[in-house]
Amino acid sequence: MNDFLPPGAKVKLTEGYKPLEQCLSSRSTYDVVALRSEEGIFFVSIFPVMARCHLQETLLDAGAVYAVDEKGRILDVH
């Protein structure tokens, strides 16, 4: 989560919609799910839950998926 949204970071959108910027800037907006592959790589999905901000927006490309090794090193991000 520190790589995706560092503490104190603020999301800035080109459209400047403040309620959405505030929502996406809050770490509590996001769910994190981790799955371990047979090769020992963890796939960590970070995605916003817009209902936590009482917003109805549908975001098509929000969040990220990280590939992380057993030592916590980030291998790839999508």
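Within the set of pairs 6 or more residues apart or between chains, which connect a residue that is at positive phi inside the stretch 24-37 to a residue that is surrounded by 14 or more Cβ atoms within 10 Å (Cβ to Cβ) and not in a strand (DSSP E or B) with Cβ atoms less than 8 Å apart?
Cβ pairs passing all conditions: none.
Please go through (1) surrounded by fewer than 13 Cβ atoms within 10 Å (Cβ to Cβ); (2) of a type in the set (K, R); (3) in contact (Cβ under 8 Å) with a residue 24 or more places away in the chain for R52 and return the number of the only condition it doesn't satisfy.
Of the numbered conditions (1) surrounded by fewer than 13 Cβ atoms within 10 Å (Cβ to Cβ); (2) of a type in the set (K, R); (3) in contact (Cβ under 8 Å) with a residue 24 or more places away in the chain, the odd one out for R52 is (1).
If you go through the stretch 40-69, how many residues are modelled with pLDDT under 95, of a type in the set (D, E, K, R) and in contact with a strand residue (DSSP E or B) (Cβ under 8 Å, 6 or more places away or on another chain)?
Residues in the stretch 40-69 being modelled with pLDDT under 95, of a type in the set (D, E, K, R) and in contact with a strand residue (DSSP E or B) (Cβ under 8 Å, 6 or more places away or on another chain): 0 in total.
For the stretch 16-59: of the residues being in a loop (DSSP other than H, G, I, E, B) and polar (S, T, N, Q), which is nearest to D69 (Cα to Cα)? Lay out the reasoning, then the answer.
First, pick out the residues of the stretch 16-59 that are in a loop (DSSP other than H, G, I, E, B): 16-17, 25-26, 37-41, 49, 54-59.
Restricting the remaining residues to those that are polar (S, T, N, Q) gives 25-26, 37, 56, 58.
Values: S25: 27, S26: 26, S37: 10, Q56: 35, T58: 31 Å.
Ranking the candidates gives S37 first.
Name the residues in the stretch 46-62 that are within 22 Å of V77 (Cα to Cα) and touching a Ser or Thr at 6+ places or on another chain (Cβ under 7 Å), would you?
P48, V49 - these are the residues of the stretch 46-62 that are within 22 Å of V77 (Cα to Cα) and touching a Ser or Thr at 6+ places or on another chain (Cβ under 7 Å).
Could you please tell me which pairs satisfy a Cβ distance under 9 Å, a separation of 6+ or placement on different chains, a first residue in the stretch 1-19 that is touching a residue at least 24 places away in the same chain (Cβ under 8 Å), and a second residue that is of a type in the set (D, E, K, R) and part of a loop (DSSP other than H, G, I, E, B)?
P19/E57
Just to verify a result, which residue in the stretch 60-78, among those that are among the acidic types (D, E) and assigned to a loop (DSSP other than H, G, I, E, B), is nearest to E21 (Cα to Cα)?
Taking the stretch 60-78 as the starting set, the residues that turn out to be among the acidic types (D, E) are 61, 69-70, 76.
Now narrow it down to the ones that are assigned to a loop (DSSP other than H, G, I, E, B): 61, 69-70.
On the way: D61: 15, D69: 31, E70: 33 Å.
The extreme case among them is D61.
Would you mind stating whether L13 is more than 12 Å from the chain's Cα centre (by Cα), surrounded by 10 or more Cβ atoms within 10 Å (Cβ to Cβ) and in a loop (DSSP other than H, G, I, E, B)? Give the steps one after another, and end with the answer.
Values: more than 12 Å from the chain's Cα centre (by Cα): yes; surrounded by 10 or more Cβ atoms within 10 Å (Cβ to Cβ): yes; in a loop (DSSP other than H, G, I, E, B): yes.
When the stated conditions are applied, L13 passes them.
Using beta carbons and a limit of 6 Å, which pairs, at least six apart or on different chains, have the first residue in the stretch 55-78 and surrounded by fewer than 10 Cβ atoms within 10 Å (Cβ to Cβ) and the second one hydroxyl-bearing (S, T, Y) and in a loop (DSSP other than H, G, I, E, B)?
Note: no pairs meet the criteria.
The values are calculated or read from the model by the stated rules, or taken from the named source; none is laboratory data. Keep in mind that this is a model prediction, so the values were computed, not measured. In this analysis, Cβ positions are derived from the backbone assuming ideal geometry, glycine residues included, and neighbour counts consider all displayed protein chains.
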